[in-house]
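Asker: Here you go, one structure.
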Amino acid sequence: MTRIAKSQWRTDADGPMQVVSGHGIRRKDHFQAPPADRLPAEIERFLTWANAETGEPTLIKAGLAHLWFVTLHPFDDGNGRIARAVGDHFLARADGSPQRFYSLSAQIQRERKDYYAVLERTQKGTLDVTGWLTWFLNTLGQAIASAQTTLDDVLLKARFWQRWVEVRLNERQIKLLDGFDGKLTSSKWAAIAK
């Protein structure tokens, strides 16, 4: 266990910032962040780019912002969460709306193994970010599709209840109609409805 510096840039006092997994002979180095003494200048470059009109399509800029921030790894902890928030901020800009009905962060969480793999390939490779952007945009598409599925389910349920609003149902019937997912068999019905 090491102390985490809060509200300040990371330092290299205990050595370079590395993302590792495993211990001993199973230890694997996934990524080494740029030296801490470069952080002020690198963050300034990032913020200047982030706040400028740079010509990239807005979805591409969202993916690049996420990758750039997580690669800088400016803090001892929380860099991934902040990078996802940075990406979400740029997606909100791209949407042109303060409301979003999809969650890229939730989709990344569902696909975190692939997320870490593509980050490692990108960060250890050349400066070609095509693989990262392809993954990012595909994951965004999956997040939107997941939100659409959720919305379809909500609308289906709303239409059902609107249609049957006049029918008196007891508590057990409502429980089964409102909250059951999967294939309903007579034995499942009996167990749930007692």
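Asker: If I filter the range 1-53 down to residues being in contact with a strand residue (DSSP E or B) (Cβ under 8 Å, 6 or more places away or on another chain) and of a type in the set (Lys, Arg), which single residue comes out as nearest to Gly63 (Cα to Cα)?
Answerer: Checking each candidate, the answer is Lys28.
Asker: All but one of (1) surrounded by 13 or more Cβ atoms within 10 Å (Cβ to Cβ); (2) under 14 Å from the mean Cα position of the chain (by Cα); (3) not polar (S, T, N, Q) hold for Ala94; which doesn't?
Answerer: Evaluating Ala94 over (1) surrounded by 13 or more Cβ atoms within 10 Å (Cβ to Cβ); (2) under 14 Å from the mean Cα position of the chain (by Cα); (3) not polar (S, T, N, Q) leaves (2) as the failure.
Asker: Hey, among His89, His30, which residue is surrounded by fewer than 17 Cβ atoms within 10 Å (Cβ to Cβ), of a type outside the set (Lys, Arg) and closer than 20 Å to Gln18 by Cβ?
Answerer: Matching residue, one of His89, His30: His30.
Asker: Same structure again: Evaluate the following for Arg26: is it farther than 21 Å from Asp128 by Cα and in the same structural domain as Ala145 (by TED's automatic domain parsing)?
Answerer: Yes: the conditions hold for Arg26.
Asker: Okay, moving on. Take the residues in the range 15-34 that are assigned to a loop (DSSP other than H, G, I, E, B) and touching a residue at least 24 places away in the same chain (Cβ under 8 Å), then tell me which one is nearest to the chain's Cα centre (by Cα).
Answerer: Only one residue tops the list, namely Ala33.
Asker: Could you list, in sequence order, all residues of the range 53-86 that are surrounded by 18 or more Cβ atoms within 10 Å (Cβ to Cβ) and among the charged types (D, E, K, R)?
Answerer: Listed by number, the residues that qualify are Lys61, Arg84.
Asker: May I pose another question? Is it the case that the range 150-169 has a residue that's exposed (fewer than 15 other Cβ atoms within 10 Å of the Cβ) and under 20 Å from the mean Cα position of the chain (by Cα)?
Answerer: yes
Asker: Identify the residue in the range 123-149 that is surrounded by 14 or more Cβ atoms within 10 Å (Cβ to Cβ) and hydroxyl-bearing (Ser, Thr, Tyr) and, among all such residues, is nearest to Leu64 (Cα to Cα).
Answerer: Per the stated criteria, the residue is Thr139.
Asker: Return the only residue of Asp37, Asp77, Asp12 being in the same structural domain as Leu151 (by TED's automatic domain parsing), outside any helix (DSSP H, G or I), over 21 Å from Phe136 (Cβ atoms) and out of contact with any His (no Cβ under 7 Å at 6 or more places or on another chain).
Answerer: None of the others qualify; the one that does is Asp77.
Asker: May I pose another question? From the list Arg168, Arg159, Arg172, which residue is farther than 30 Å from Ile60 by Cα, part of a loop (DSSP other than H, G, I, E, B) and either assigned by TED's automatic domain parsing to the domain that holds Ile60 or of a type in the set (Lys, Arg) (or both)?
Answerer: Arg168
Asker: Sticking with this structure for a sec: Of the numbered conditions (1) more than 22 Å from the chain's Cα centre (by Cα); (2) at pLDDT below 95, Phe75 fails exactly one; give the number of that condition.
Answerer: (1)
The values are calculated or read from the model by the stated rules, or taken from the named source; none is laboratory data. In this text the structure is predicted, and so the values were computed from the model without any measurement. With ideal geometry, Cβ positions are generated from the backbone for all residues, glycine too; neighbour counts draw on all protein chains shown.
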